[in-house]
Amino acid sequence: SSTSPPATANLQAVPSTTAVQRGGTAAVLGNGSNSSTIEIYLGNGCFWERQWAYYVVESQQFGRSGGGISSKTGYAGGNEEPGPPVCYHTSSPLHDYGALGHAEVVEVVLDDADATAQFAALAADFFGSFTGAAGSRARPDPMDVGRPYRSVVGIPGGVDGPLYPTLSAANTHGMELKAGFGSDGDDFNVVWILDSHVYPFHQAEAYHQMHSNFFQSEGMPYPPSYVNDLWEQQKQLCLVREIDGCPAGSHW
């Protein structure tokens, strides 16, 4: 990634450390630096496919591997205050991510020193994943419809935050960027922009991490080094974890 200093002075970064505490577990950043970090998330359809996409960006453009891969599936953007935890589809509306108004998203941790360049790479992948003519862009998984699959980006400060100009510059396909207010609708060609501090990320269950579904998409079938090896390594590091109170499922 670029080493030029980005304009991130107003970002609320986590104090400098080799591990960042997220949700009670240590997230090891494997780029060899002790920089501060910034958490963002992106969602546009099924989070399995998009986690793979951002894993590729982290691997090939950020130079990360193993425990340094930060991409995690999860839920964000709901207005309903959940009683912990937030889970995948479950019989309890108090915990079901869809009933709470959340969307499926993927969190990625940026290095503060390279945040603008890293976010630009992620944003380019995000907008490039949509299909169709400019101004009429559809998500890459048209079979998944409804509010849980809406297109959303969570960044510190939302549309008023310092990363928003980078996101806007990457929007070269005429998509409509709108400030989100939580539990927003699944509107065609619209990306809802949320303040990630107001609408925080909730990590998904272990079986949803590094998962390979049965739909044919770019990179499928995902290699064992991702589905098996990386998942096992991150589980050993407690970066992939069971969510207390959520039903368990099969990763395979």
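The values are calculated or read from the model by the stated rules, or taken from the named source; none is laboratory data. What you are looking at is a predicted structure, and each value in this text was computed from that prediction instead of being measured. Please note: Cβ atoms are built from the backbone with ideal geometry, for glycine as well, and neighbour counts cover all protein chains shown. Ligands, DNA and RNA are stripped out before the accessible areas are found, and what is left, the full protein with its side chains, is counted by its heavy atoms. Shrake-Rupley method; radii C 1.70, N 1.55, O 1.52, S 1.80 Å.
Here are a few things to note about the model shown:
- Largest to smallest accessible area among Cys87, Cys238 [probe 1.4 Å]: Cys238, Cys87
- Under 5 Å, built H, 5+ apart or other chain: amide partners of Leu110: Ile38, Glu39, Ile40
- Ligands, DNA and RNA are left out, and with a 1.4 angstrom probe the accessible area of segment 55-203 is 36 Å² per residue.
- A viscosity of 1.306 mPa s and a temperature of 10 °C, combined with the Kirkwood radius over C-alpha pairs in the Stokes-Einstein formula, give segment 64-190 a diffusion coefficient of 101 µm²/s.
- In this simple spin-label approximation, Val159 and Ser136 carry label points 7 Å from Cα along the Cα→Cβ vector, and these lie 2.5 nm apart.
- For Arg137, the residues whose modelled amide H falls within less than 5 Å of its own, excluding neighbours fewer than 5 places apart on the same chain, are Asn189.
- Computed over segment 114-252, Kirkwood Rh from alpha-carbon pairs, angstrom: 17.0 Å
- Under 9 Å, Cβ to Cβ, from Gly43 - net charge with Lys/Arg +1 and Asp/Glu -1: +1
- Antiparallel content of DSSP bridges confined to segment 97-252, in %, to 5: 10 percent
- Estimated distance in nm for a label pair at Glu242 and Val145, the labels positioned 7 Å out from Cα along Cα-to-Cβ: 3.8 nm
- With the whole protein complex present, Tyr41 retains an accessible surface near 0 Å², based on a 1.4 Å probe.
- Virtual spin-label span in nm between Ser59 and Leu177, 7 Å along Cα→Cβ: 2.9 nm
- Ligands, DNA and RNA left out, the accessible area of segment 121-192 computed with a 1.4 Å probe is 56% carbon and sulfur.
- Applied to segment 186-203, the Karplus parametrisation 6.51 cos²θ - 1.76 cosθ + 1.60 on θ = phi - 60° returns per-residue 3J(HN,Hα) values of 8, 9, 5, 6, 10, 10, 7, 9, 10, 7, 5, 7, 7, 10, x, 7, 10, 5 Hz, with x for Gly and Pro.
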